[in-house]
Amino acid sequence: MPPTYRYDHMHLRSRDVKKTAEYYHQMFDAKIVESIQSDGRPRTDLDLNGLTIFIAPVAADAAVPPAPAEPYVGLDHFGLRVDDMDIAVAELKRRGASFMMEPRTIRPGVKIAFVQAPDNVRIELLERR
């Protein structure tokens with residue numbers, strides 16, 4: 001029998017873990033989960049409605065590569081489904097989100113938009129009707 005693969009987590013790296021966690025909390029109502037790792041160091045994770053996001057610290061002088069020009073090879077973004085794009089976009093803008101792409105219909109019944117998150121992370125919002 002072949003193995004079964006299931007989603008477990010996403011792992012972000014950040015120069016400012018607390019600031020990154022606050023962004024996801026402020027924008028998307030992610031729950032910030034503080035804990036202590038087995039090595040005794042503090043750890044910050046997020047629970048975004050069941051989507052587990054680990055945030056690992058990197059040195060303050062770590063380089064943040066510029067966002068590559070499209071199209072490119074590698075991880076591009078992660079997507080969050082919303083029930084109503086207009087309501088979600090209005091609320092995110094009220095909270096201060098920066099949009100890389102305003103909402104648009106890509107085919108009948110499907111709208112997308114892109115939010116620019118810290119550390120060059122792109123988040124797609126997706127409405128399917």
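When the residues of the range 1-20 are filtered to those that are surrounded by 14 or more Cβ atoms within 10 Å (Cβ to Cβ) and hydrophobic (A, V, I, L, M, F, W, C), the one that is nearest to D119 (Cα to Cα) is L12. Considering the range 30-89 alone, what residues qualify as being in contact with a His (Cβ under 9 Å, 6 or more places away or on another chain) and among the aromatic types (F, W, Y)? Answer for the range 30-89, where residues must be in contact with a His (Cβ under 9 Å, 6 or more places away or on another chain) and among the aromatic types (F, W, Y): just F54. Restricting attention to the range 96-129, the residues that are in contact with an Asp or Glu (Cβ under 7 Å, 6 or more places away or on another chain) and of a type in the set (F, W, Y) add up to 1.
Taking the options P66, P57, name whichever one is in contact with a helix residue (DSSP H, G or I) (Cβ under 8 Å, 6 or more places away or on another chain) and under 24 Å from Y7 (Cα atoms).
On the way: P66 fails: under 24 Å from Y7 (Cα atoms).
Of P66, P57, the one residue that is in contact with a helix residue (DSSP H, G or I) (Cβ under 8 Å, 6 or more places away or on another chain) and under 24 Å from Y7 (Cα atoms) is P57.
Restricting the first member to the range 10-31 and to residues that are in the same structural domain as N120 (by TED's automatic domain parsing), and the second to residues that are crowded, with 16+ Cβ neighbours inside 10 Å and in a helix (DSSP H, G or I), no beta-carbon pair is closer than 8 Å while six or more apart or on different chains. Taking each residue of the range 82-99 that is in the same structural domain as V110 (by TED's automatic domain parsing) and looking for partners that are of a type in the set (K, R) with beta-carbon atoms closer than 7 Å, six or more apart or interchain, yields M85/K111.
Across the range 5-20, the qualifying residues are those that are part of a loop (DSSP other than H, G, I, E, B) and modelled with pLDDT of 90 or more, and the one among them that is nearest to the chain's Cα centre (by Cα) is H9.
The values are calculated or read from the model by the stated rules, or taken from the named source; none is laboratory data. Owing to the predicted nature of the structure, the values given are computational and were not obtained by experimental measurement. Glycine also receives a Cβ, built like all others from the backbone with ideal geometry; neighbour counts cover every protein chain displayed.
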